[in-house]
Amino acid sequence: MIALYTVMEGVIAFFLIAGSIFALIGSLGLTRMKDFYMRLHGPSKISTLGVGCILLASIAYFSLLDAGPSLQELLITIFLFITAPVSAHMLSKSALHQKLARDPRTRGNPQELQEDEEHSIEEAPQGDSKLP
Amino acid sequence: MIRPRKWLPMPLLSVLLLVVWLLLMNSVALGHWLLGGVLAIVIPVITEPFWEAQPRVKKPFLLVRYFFRVLLDIIIANLEASKVILDPRGRARPAFVEYPLELQENFTITMLASTITLTPGTVSAHLRMDGKTLLIHALDVGDIDDMIRHIHERYERPLKEIFEC
């Protein structure tokens, strides 16, 4: 019985540490990346796994403590996996809409980011749209 | 007065509601089964008029395989993205990729876009209004055509088989 607890303690500790490290790396990505679109990768992917690991540890811990499966955390995981991509998509959509600057090394020139000649002429009479 | 035509208009949604209810309560006592069961029947009946037609799962076994494949890819995705972030020389090769979609249903396109965001090095950034092109931002990509082929083989074709074929 003691052996089981020791092993489970190790497993829980492993998941907690792995989750924390992933969360830390994801946050580091926010500071280290060059433009908005690259910064988006950190939170959308890495923190998902980070939180996933911590929730796994939580499931293991409370299942052991309450002597019965505790699966509530699965719900958080599922909702997270559904909502993280959607929010990332909406963020990048609005970034494209505002034509945020991208890293000069980025290849590919989507029409969403091109300066649209006709469009700017149409908008010109409405006021000074030449933002710095 | 809305007259439901069927008692269980969306069986999958009903099962899902019941499971979510039991997980929320964190208990499998008889009372929770009953209450969850009532909710699982009433909610789909009331909300049925608001729902778009959902595509049917034609091959459940493939869906299970797809699920585990994506789970594995999420772990790989994390290791790869961590590598790019921690690379001291900052040698990322970002790119915008226009991905030509073959899928047609809204639901399957949503699933593909979410999968792309969760898997290695790519975030789906924008779906063009015509619903035929998905704009993807890749963090570190060598050959763009290679990446498109990879996504097509690994994710889009299974999804097409599962839902649309």
In which sequence would A:Y37, B:Y99, A:Y5 go, from the one with the fewest C-beta neighbours within 10 Å to the one with the most? A:Y5, B:Y99, A:Y37
For a label point 7 Å along the Cα-to-beta-carbon line of A:T77, residues of segment A:41-71 with backbone N under 15 Å: A:48-64, A:69-71
Using amide H atoms built in the peptide plane, which far-off residues or other-chain residues are under 5 Å from B:A125 H to H? B:L135, B:I136, B:H137
How high is the relative contact order of segment B:60-164? Use alpha-carbon pairs under 8 Å, at least six apart in sequence, and give a whole percent. 34
Can you give the mean number of other chain Cβ atoms that lie within 10 Å of the Cβ atoms in peptide A:8-16? 0
In the structure shown, do any of B:K83/B:K160; A:K93/B:K58; B:K132/B:K160; A:K99/B:K83; A:K93/B:K59; B:K59/B:K132 have a Cα-Cα gap over 21 Å, and if so which? B:K83/B:K160; A:K93/B:K58; A:K99/B:K83; A:K93/B:K59; B:K59/B:K132
Net charge of neighbours whose Cβ lies under 14 Å from the Cβ of B:V64, counting Lys and Arg as +1 and Asp and Glu as -1: +3
Arrange A:L49, B:L101, A:L28 by Cβ neighbour counts within 10 Å, fewest through most, would you? A:L28, B:L101, A:L49
What shape does the protein assembly as shown take by its C-alpha gyration tensor, where a ≥ b ≥ c are the square roots of the eigenvalues and a/c under 1.5 counts as rounded, a/b above b/c as prolate, and the rest as oblate? oblate
For chain B, just say rounded, prolate or oblate: build the C-alpha gyration tensor, square-root its eigenvalues into a ≥ b ≥ c, call rounded for a/c under 1.5, and beyond that prolate if a/b exceeds b/c, oblate if not. prolate
Using the 10 angstrom Cβ neighbour count as an exposure proxy, how do A:R39, B:R89, B:R149 rank, fewest first? B:R89, B:R149, A:R39
To the nearest 10 degrees, how steeply does helix B:11-25 sit against the main Cα axis of chain B, on a 0 to 90 scale? 90
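A short reminder: the numbers here are calculations on the coordinates, not readings from a lab. Since we're looking at a predicted model, the values are computed, not measured. No Cβ is skipped: glycine too gets one built from the backbone with ideal geometry, and neighbour counts run over all protein chains shown.
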